[in-house]
Structures are given as C-alpha cells and as structure tokens.
Amino acid sequence: MRYRTLGSTGLKISEIGFGCGNNAVLMVKAPHEEQVAAVRHALDQGINFFDTAFAYGLGKSEENLGRILNELRAKPAISTKIRLAADAAGDIKAATIHAIEAGLDRLGRERVDFVQLHTRVTEERGVGKRFSLAPGDVLGQGGVVEGFKAMRDRGRVGFFGFSGLGDPKALHELVDSGEFHGFQCYYNLLNPSAGQAVPPGFSALDYGRILDRAAAKGMGAFVIRVLAAGALTSTPDAGGGSSPEPLSPGSDYSLDLQRAEKVKSALGVNGKGLTQAAIRFGLMNPKISTVLVGFSNTSHIDEAVACSGAGGLPNEALARLRKLWDTDFGRLSS
C-alpha cells in the first residue's frame, strides 16, 4: 500500500480508502462477523482511512465501524459526514455542532480526524424535496464553518471539508474561500470533469476541474464513485446505487451503463480488468489523496489494494479515453 499526504494537513492516508457507504452494504447490513473480517483484512492490507456518515444506514455504518475498531483496538484515520436538514436553518452553527457530537457518540470516539458537510451546496438554499445549503450558509456568520471550527477548538475534530456535490459554481466558491482542508470529489472514467477538460454541453455535470482549484488552496481530495455505483464493475446489473435519484446530475445509471460499454471497448477490458482500470485512473491524478472504494467482501479489498503502485493507464488508452470525453461518448449515439 502506498500513502499520500492529505493536502496541507500533514496527515498521511492510504491511497485506497475504505468507503463505508450504502452501495456496498457491507458496513450497513452485513452480519457482524463479516464486517469484522473485512475491516481486519483491510487494516492488514495497509488501509488506514475509513469514510463513513450518518446517512449510511441512518447511523448504522458509524455505529458498526466504531464498535469494530474498538474490538480490534485499531486507530486508523476516520472521516465522517453530517447532513443538515431544513430544521437546521434557524441556527446552522448549533446544528452543525450537535450533528458532529451525535456522530462521535455513534462512533464511540472522542475525536475524528476529519468531518465533512454531507448536505449539497447550491447557489441558493434549496427547500424542496432535497434540502441544500447556499455558500453563505456554510461560510457566513453562524454557519457550518463556524461550527466546524468550534469543534476543532474543543479537540473533537482534526480537519474539515465538504462533499463536492451540488452546483459547481457554489462548490468552487467553497474551495476559493480557503476555509477547508479537503473535499469529496465525484471523479471517474465516465465523468472526469473534476480533473479533465470536457466539451461544452457535456451530458454529465461539468465540475469545472475543481480538483485543480482545490489543490491550489492546499486541499486534499477523496474520490467518490470511482466505480460509478457499479457501472464500472464485473457485475453492473447489481449496481445502481441506493437511491433512484442520481448522485450527480447527468450520471443516471442507465446512461452510465452505456458510457461504460464504450469505455470497455476503448480500453479492451472487462470484469475485474475494468474495475482495476477505473481505480488506477483515479490514482493517476496526483491531486487526489485517496480513492474511496465500497467493499462487499475481502476479495474486493484485494482487487482495490492491488491497484496501489500498479501505475497509471497507458498513453494509448488515455488517448482513446480522451476521444470519448471530447465527443461526449459520441453523444451515446452508437
């Protein structure tokens, strides 16, 4: 396992991170003994960064992870995330502090290395079906950042960031503020716009090379959805995510399956080879601190760990991928 420094924090984390989310279900629904075996195996393979959130099983992932790490007497780096709802709008700072404290209680820990805002950030506060915060709610007086700093000052949080989901313009505003140490970055072979230029009108959401802006501010980056919710695996029929609504606009699972077929053809890979190509692509960008992978069993851990130090994709393969991106996958016409 190779390790990378998380932005300017000095924290060294494994370049393959253990994602404890809903998609792989392991840390939410699997039997306890399977969870213990997977966490132990990951630690043995050198993984020292675990990412969880309240939203993963409504706290189950945090509870399970914390209990298992205590059983194993292991102290890896942990990141958790808080999701604020509409009822937080009256006192966002207080709601932020309360949410972090609740997460620490579920984890059974006095402190976490990293905490992130899980709520989407949009140019204006969203009060519809999916609540979102505006940049002012995050950065302004009495906002999320003040809550993060208060918990840091109490020694409960090391560093803080946000999930890079929402309106790209609003996300760029958070990055440009210089207030954050890292963020979760939507980045994969099917939508590389966080780190690669894409053409105008690209059918997936254009994140405007946010990785470059974040790195310029000394921020680290945790790649999410590197396997596109399963579209870039050997069992795409079992994927699709835990929600009928796509995590990132334009990346509906049915469209991603079509994009994945074109990627497979361009790279001449399938199955395990496709999965490892996707992870290696994520690791190629030096601005990335870790690639988060959701594991369903220990063999998945081994597949991902094998990508650490395996090198990037060949130049010829990258040229074929660039042609796909530049044509927006041929607008999925063929």
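The values are calculated or read from the model by the stated rules, or taken from the named source; none is laboratory data. This structure is a prediction, so every number in the text was calculated from the model and none was measured. Positions of Cβ are generated from backbone atoms using ideal geometry, with glycine treated the same way; all protein chains shown enter the neighbour counts. For the accessible areas, the whole protein counts, side chains as well, though only heavy atoms, and no ligand, DNA or RNA atoms are used. Shrake-Rupley method; radii C 1.70, N 1.55, O 1.52, S 1.80 Å.
To keep it simple, each residue is scored yes or no on (1) part of a strand (DSSP E or B); (2) closer than 30 Å to Glu303 by Cα; (3) among the hydrophobic types (A, V, I, L, M, F, W, C).
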{"site": "Gly17", "(1), (2), (3)": "yes, yes, no"}
{"site": "Gly21", "(1), (2), (3)": "no, yes, no"}
{"site": "Met27", "(1), (2), (3)": "no, yes, yes"}
{"site": "Gln35", "(1), (2), (3)": "no, yes, no"}
{"site": "Gly46", "(1), (2), (3)": "no, yes, no"}
{"site": "Ser61", "(1), (2), (3)": "no, yes, no"}
{"site": "Lys75", "(1), (2), (3)": "no, yes, no"}
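Please tell me if Thr9 is β-branched (Val, Ile, Thr), out of contact with any helix residue (DSSP H, G or I) (no Cβ under 8 Å at 6 or more places or on another chain) and under 23 Å from Asp153 (Cβ atoms). It is true that Thr9 is β-branched (Val, Ile, Thr), out of contact with any helix residue (DSSP H, G or I) (no Cβ under 8 Å at 6 or more places or on another chain) and under 23 Å from Asp153 (Cβ atoms). Has the range 1-14 got any residue that is part of a helix (DSSP H, G or I) and either of a type in the set (Val, Ile, Thr) or buried (at least 23 other Cβ atoms within 10 Å of the Cβ) (or both)? Within the range 1-14, none of the residues are part of a helix (DSSP H, G or I) and either of a type in the set (Val, Ile, Thr) or buried (at least 23 other Cβ atoms within 10 Å of the Cβ) (or both). When the range 23-52 is limited to residues that are under 18 Å from the mean Cα position of the chain (by Cα), open to solvent by 10 Å² or more (accessible area, probe 1.4 Å) and of a type in the set (Val, Ile, Thr), the one that is farthest from Gly239 (Cα to Cα) turns out to be Val28. Pairs linking a residue in the range 34-46 that is of a type in the set (Gly, Ala, Ser) to a residue that is surrounded by 20 or more Cβ atoms within 10 Å (Cβ to Cβ) and not in a helix (DSSP H, G or I), with Cβ atoms under 7 Å and 6 or more positions apart or on different chains, are Ala38/Phe295; Ala42/Phe18; Gly46/Ser14.
Under the condition of being in a loop (DSSP other than H, G, I, E, B) and open to solvent by 20 Å² or more (accessible area, probe 1.4 Å), the residues counted in the range 77-106 number 5.
A quick yes/no check of all residues on (1) at pLDDT below 95; (2) farther than 17 Å from Ala55 by Cα; (3) of a type in the set (Lys, Arg):
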| site | (1), (2), (3) |
| --- | --- |
| Ile97 | no, no, no |
| Leu104 | no, no, no |
| Arg111 | no, yes, yes |
| Thr119 | no, no, no |
| Thr122 | no, yes, no |
| Arg130 | yes, no, yes |
| Leu133 | no, no, no |
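Only one entry of Gly57, Gly66 meets the criterion of being of a type outside the set (A, V, I, L, M), outside any helix (DSSP H, G or I) and surrounded by fewer than 24 Cβ atoms within 10 Å (Cβ to Cβ), and that entry is Gly57. Pairs meeting the criteria (first residue in the range 272-294 and farther than 15 Å from Asn191 by Cβ, second residue open to solvent by 10 Å² or more (accessible area, probe 1.4 Å) and part of a strand (DSSP E or B), beta carbons under 7 Å, at least 6 apart or on different chains) are Ser289/Arg4; Thr290/Arg4; Leu292/Gly19; Leu292/Ile224; Val293/Gly19; Gly294/Gly19.
Could you please let me know if Arg83 is in contact with a helix residue (DSSP H, G or I) (Cβ under 8 Å, 6 or more places away or on another chain), at pLDDT 95 or above and over 19 Å from Leu165 (Cβ atoms)? Answer is no for this residue.
Taking each residue of the range 228-252 that is at pLDDT below 90 and looking for partners that are surrounded by fewer than 16 Cβ atoms within 10 Å (Cβ to Cβ) with beta-carbon atoms closer than 7 Å, six or more apart or interchain, yields Ser234/Gly271; Ser234/Lys272.
Within the range 107-123, if we keep just the residues that are outside any loop (DSSP other than H, G, I, E, B) and out of contact with any His (no Cβ under 8 Å at 6 or more places or on another chain), the residue that is nearest to His41 (Cα to Cα) turns out to be Leu107.
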